[in-house]
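Below is one structure, written out as structure tokens, with a few remarks after it.
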Amino acid sequence: MSLTGFLSDNRVFADRAAQAGFVGLATVQGFVAALFGLLAMPVGAFTAVRLGAFMAAESDRRLTLVAAQPLSRLRLLGAETAATLAGAMLLLAVAAVGAWAGVSMVGGDLTLTAALAGTFNALPIVLLCLGAALLAAGLRPSAVIHIGPVPATGGFLLKVIADSSGAPAWVSDLSPYRHTAAVPLVGADWPGVLVMGAVAVVLATAGTSAYLRRDLTG
Amino acid sequence: MGASHPAAIEVSALTKHFGRATALDGLDLEVAAGEVHGFLGPNGSGKTTTIRVLLGLLRADSGTVRLLGGDPWKDAVALHARLAYVPGDVTLWPGVTGGEVIDLLSRMRGKLDRRRRDDLLERFNLDPSKKARTYSKGNRQKVALIAALASDAELLLLDEPTSGLDPLMESVFRQCITEVRGQGRTVLLSSHILAEVEALCDRVSIIRQGRTVESGTLAELRHLTRTSITVETAAPLNGLGALPGVHDLVAGDHHARFDVDAARLDDVIRRLAPLGVRSLTSTPPTLEDMFLRHYGDDTPAGSVAS
């Protein structure tokens, strides 16, 4: 029996899942949309770990010789951020190709375009993680790997707990997942995408500005 | 410093705090262009903090800092193109070879002089094909030294650059710095090795707990301190201890050993001459003597940076 078939036959389980925010699990599109939503957590953590490694290189003075070269700090941080973002997007693309290949192999209905739309729907939350990591890099470099994943993991826990416990809607609204549509089951929540993108840019700008003003650690 | 030499480094009343701890407490430093300047002080006196401020890695809390005519914080990129830096404890990415690090640092500066790099690799006897994780502390130090010396930087900031090098390599380092000086380049050499500073430096600044306590040529610094005298006379030596400027007197009937302030040396010699000097040995103070005079009773409480 397939997992989507199991969920179709067990309405109670599917209803509980819907109550916790996972709708449409009984369809392929709904099921992969739920999985793709979870993808924001490991990929968001990846961005935090990458920037955390950059901070570690600064604090153990591996970066000192490079920082003493004719190279601006903005360029140093920008290069690391660009490489991290490229890595995150590669992970999202690989996840889409993997999901598409897996579903296609068992005769499921999922196009590669739909899979890519689904995984890249997690990008705004990943950007929030990157923005939070950059903010920490500027203000509290030792805490980058702890603060960076918060929008994804903290946001996910907040939404599940709020939805399951009947908390007021504004509590759940604080979670980025509340503003993330179940792509490819439904279309993207473009206002949510734009707002999250804008918040990520604000976090990243504030963090970069603080980074350029502070002493290098180590 | 001579009026004909513009200052490569001008630091005045520099302060830097880390939390409540004071690392630099009104430090002054002036290094003329074209000189090799020794920067001496014990661990925690603020040498590394000063150099990191000069590099623009740390921001000064107060005071003025000028490096090659620019502001090291605001003009860091332009200034970094004109200087080379060697830290005291070189940390490298473990999976990169020493040669790759040297080439990367050279390319960041815009050009790689392969001939000079290969010459330095040979002189410092470094295998550039090995991964950094296999290097000893001394070999990591060589990587940074070769990258700095292979550059055409007009100012070299060297923070205890020979820590971890064996005596043979220290000798190679001294030759290289002598060549650098011959090319008219400027060197700020922070060091614990007093013989190295005596051999290489035109001028010296000694710092203690974030402040400069002495600065000048070695001759000037010696003039400020004491000369050791051992003397044997035909007539009995009496009343020597009462002479102004005489210290640490150990005297017998006809021989004595004592230190005398440089300014009082002439008076003491005049007093000794009529006694029929049979032998006299005068030892000028070493840098180590001067250093120990400043730090012999030093308690580094409150200092946090090296």
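Here, each number is a calculation from the coordinates, and none is a lab measurement. Predicted model, so just to flag it, every value in this text is computed and none were measured. When we count neighbours, we look across all protein chains shown, and the Cβ atoms used for this are built from the backbone with ideal geometry, even at glycine.
A compact table of results
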read-out: In degrees, nearest ten, helix A:28-59 long axis to first principal axis of chain A (Cα); value: 10 degrees
read-out: Chain B: angle of helix B:167-182 to the longest principal axis, Cα-based, in degrees nearest 10; value: 80 degrees
read-out: Inter-label distance, nm, simple model (7 Å from Cα along the C-beta direction), B:K130/A:V186; value: 6.3 nm
read-out: Burial ordering of A:Y177, B:Y85, fewest other beta-carbon atoms within 10 Å first; value: A:Y177, B:Y85
read-out: The stretch B:79-129: trypsin sites (Lys or Arg not before Pro) falling in loop per DSSP and having at most 12 other Cβ within 10 Å; value: B:K111
read-out: Dimensions (Å) - the stretch A:36-213, Cα atoms, principal axes, largest first; value: 56, 42, 25
read-out: Taking all pairs of distinct alpha-carbon atoms in chain B, Kirkwood radius in angstrom; value: 21.4 Å
read-out: Eligible lysines near B:K74 by straight Cα distance, threshold 25 Å, same-chain separation 8 or greater; value: B:K16, B:K47, B:K111
read-out: Within chain A, helix-based [θ] at 222 nm, where runs of 4 or more DSSP H residues each add -39,500 (n - 2.57), nearest 500; value: -23000 deg cm²/dmol
read-out: Qualifying lysines (Cα of each under 21 Å from Cα of B:K131; at least 8 residues distant if same chain); value: B:K142
read-out: Chain B, helix-only ellipticity at 222 nm - DSSP H runs n ≥ 4, -39,500 (n - 2.57), divided by all residues, nearest 500; value: -8500 deg cm²/dmol
read-out: Volume per residue of the C-alpha convex hull in the protein assembly as shown, rounded to whole Å³; value: 202 Å³
read-out: Efficiency of FRET from Cβ geometry, A:D60 and B:T217, R₀ 35 Å, rounded to 0.05; value: 0.35
read-out: Quarter of Cα convex hull surface for the stretch B:158-290, i.e. mean projection, nm²; value: 10.6 nm²
read-out: Degrees between helix A:123-139 axis and first principal axis of chain A (Cα, 0 to 90, nearest 10); value: 30 degrees
